[in-house]
Amino acid sequence: MGLFERKTKVIIKNASLIVAAILLLVTQAHGQENITELPATAYLSAQKGNSDVKFGDLMECLVEPHLIANVGSPVEGIIESILVGRGDVVKKGQLIAKLKSSVEVSTLNLKRAHWEFGQRKVARNKELFSQNLISESEKDELITQTEIAKLEFELQQEIVNELYIKSPLTGVVLTRFLAPGEQVGQGKILSVAQLNPLNVEVVVPALMFDAIKNGLTGNVSLASEGDVNHKAKVVAVDPIIDAASRTFAVRLQLLNPRNKIPAGINCLVRFNKK
């Protein structure tokens with residue numbers, strides 16, 4: 001066989017390999033496009049190693065606080081004291097911080113003195129009122145001044161109350177952002193998390209959309225407790241299905257008396273049939 005013939009065979013062989021490789025790539029690309037066009041069942045099977053997805057399967061979930069409140073101040077001022085620290089349990093309405101209030105309290109005492117003086121003055125002239133020894137104009141002026149003094153006192157009392165920061169919920173202090181002596185404006189002083197009840201967040205396959213309704217119960221097992229189950233109830237179902245993952249979000253509510261269950265841990269949930 002001549003040199004020219006050997007070169008021709010090598011070129012033909014290489015061309016065949018190139019064509020085969022192109023056909024393989026096209027086939028793989030076509031197969032990948034078909035995955036996105038499959039019905040939901042096949043799509044979930046492809047994403048989960050061809051395993052069947054059905055109601056009653058264990059699903060991964062996450063335990064989160066019911067609420068997190070970033071507590072600030074309605075007015076600007078200097079922090080005088082913060083009465084709680086990280087990890088402390090607080091009750092709704094409990095005093096947790098105070099701003100410096102010496103000027104405002106002094107003004108409150110002044111307003112109180114004006115109001116009390118007006119009350120005494122009205123009381124002293126009560127008999128004169130009954131005997132018509134004071135004109136109606138003088139009587140009205142005296143009573144009106146006393147009422148105005150009362151309103152000014154109540155207004156100042158509200159101003160003073162705003163300097164005493166109270167917890168908006170029952171929970172646990174997460175973080176302190178400021179310290180005594182620092183100025184607070186529109187920023188946060190500390191954050192409080194409500195841990196009873198807890199939120200259990202779970203992402204559910206779209207195939208189960210019609211089966212998950214508010215009020216449905218589920219058994220939640222925590223990573224730290226092994227086989228111990230806690231009953232939770234569905235309180236929110238996301239009405240929008242994520243097109244990319246074919247899933248939707250579901251929130252369950254889990255009672256947590258005395259804050260025994262920590263937030264932020266992984267869990268497993270199995271929905272119960274009604």
Flag for G77 being within 29 Å of P262 (Cα to Cα) and modelled with pLDDT of 90 or more: no
Qualifying residues in the range 182-219 (those that are farther than 30 Å from E162 by Cα, buried (at least 18 other Cβ atoms within 10 Å of the Cβ) and of a type outside the set (A, V, I, L, M, F, W, C)) - the one modelled with the highest pLDDT: N199
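Take the range 201-256 and flag every residue that is of a type in the set (S, T, N, Q) and touching a residue at least 12 places away in the same chain (Cβ under 8 Å).
Going residue by residue through the range 201-256, those that are of a type in the set (S, T, N, Q) are 214, 217, 219, 221, 224, 229, 245, 247, 253, 256.
Scanning the range 201-256 gives N214, T217, N219, S221, S224, S245, T247, Q253, N256.
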When residues of the range 82-96 are filtered for being within 16 Å of E162 (Cβ to Cβ) and part of a strand (DSSP E or B), how many remain? 2
Would you call K231 exposed (fewer than 13 other Cβ atoms within 10 Å of the Cβ) and charged (D, E, K, R)? yes
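From the list I148, I143, pick out the single residue that is modelled with pLDDT of 95 or more and not acidic (D, E). Reasoning before the result, please.
Numbers: I143 fails: modelled with pLDDT of 95 or more.
Within the list I148, I143, the selection yields I148.
Do we find that I79 is of a type in the set (V, I, T), surrounded by fewer than 16 Cβ atoms within 10 Å (Cβ to Cβ) and either out of contact with any Phe, Trp or Tyr (no Cβ under 7 Å at 6 or more places or on another chain) or under 30 Å from V203 (Cβ atoms) (or both) in this structure? Step through it out loud before you land on a result.
Working: of a type in the set (V, I, T): yes; surrounded by fewer than 16 Cβ atoms within 10 Å (Cβ to Cβ): no; either out of contact with any Phe, Trp or Tyr (no Cβ under 7 Å at 6 or more places or on another chain) or under 30 Å from V203 (Cβ atoms) (or both): yes.
No: the conditions fail for I79.
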From the residues in the range 97-155 that are touching a Phe, Trp or Tyr at 6+ places or on another chain (Cβ under 9 Å) and not in a helix (DSSP H, G or I), which one is nearest to R176 (Cα to Cα)? A97
Taking only the range 239-274 into account, find how many residues are polar (S, T, N, Q), surrounded by 15 or more Cβ atoms within 10 Å (Cβ to Cβ) and either at pLDDT 95 or above or part of a loop (DSSP other than H, G, I, E, B) (or both). 2
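Starting from residues that are β-branched (V, I, T) and in contact with a helix residue (DSSP H, G or I) (Cβ under 8 Å, 6 or more places away or on another chain), keep the ones in the range 139-172 and report whichever is farthest from S81 (Cα to Cα). Give the steps one after another, and end with the answer.
Looking only at the range 139-172, we keep the residues that are β-branched (V, I, T), and these are 143-144, 146, 148, 159-160, 165, 170, 172.
Add one more test, that the residue is in contact with a helix residue (DSSP H, G or I) (Cβ under 8 Å, 6 or more places away or on another chain), and what stays is 143, 146, 159-160, 172.
On the way: I143: 41, T146: 36, I159: 18, V160: 15, V172: 18 Å.
So, considering only residues that are β-branched (V, I, T) and in contact with a helix residue (DSSP H, G or I) (Cβ under 8 Å, 6 or more places away or on another chain), the one farthest from S81 (Cα to Cα) is I143.
The values are calculated or read from the model by the stated rules, or taken from the named source; none is laboratory data. Predicted model only: the values in this text are computed from it and were never measured. Cβ sites come from the backbone with ideal geometry, for glycine too, and all protein chains shown count toward neighbours.
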